[in-house]
1. Of everything in region 62-80, what is of a type in the set (D, E, K, R) and either in a helix (DSSP H, G or I) or in contact (Cβ under 8 Å) with a residue 24 or more places away in the chain (or both)? Give them in sequence order.
2. Filter region 1-47 for residues that are hydroxyl-bearing (Ser, Thr, Tyr) and under 20 Å from the mean Cα position of the chain (by Cα) and give the result.
3. Does Val16 satisfy being at pLDDT 90 or above, in a helix (DSSP H, G or I) and in the same structural domain as Ala95 (by TED's automatic domain parsing)?
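The values are calculated or read from the model by the stated rules, or taken from the named source; none is laboratory data. On a predicted model such as this, the values are computed, not experimentally measured, just so you know. All Cβ positions, glycine included, derive from the backbone under ideal geometry; neighbour counts span all protein chains shown.
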Amino acid sequence: MNASPSFAELLVVMAVVAFVCRAGGFFVMRFLPPSERLDAALRGTPLAVMSAIVALTLVRGGAAELIATAAVVVAMALTRNELISAFVGVGVIAATRALGL
């Protein structure tokens, strides 16, 4: 018996979780008074999450992840475009893994 979930099942579960998180956020925000401190926390959250993801990838990854991260940093510095930088990162990680790094 194959117990691993299919891509479609994982996609549905991730979509449901994302929706629940977003809906929960809207629900909770109805009860919190707006303030500068809350606004600053909400603006800083995406950067904190992305930093944690990158840090975990660098700690657990190898040379391919380090090279791809460096390529993304360079692409972002040159283009100031998140989409182009993301494509560069995906391309570099695919290439380095294809080369066996």
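1. Filtering region 62-80 for residues of a type in the set (D, E, K, R) gives 65, 80.
Residue satisfying the conditions is Glu65 alone.
2. We begin by selecting, within region 1-47, every residue hydroxyl-bearing (Ser, Thr, Tyr); these are 4, 6, 35, 45.
Hit for region 1-47 is Thr45, nothing else.
3. So Val16 does not fit the description; no.
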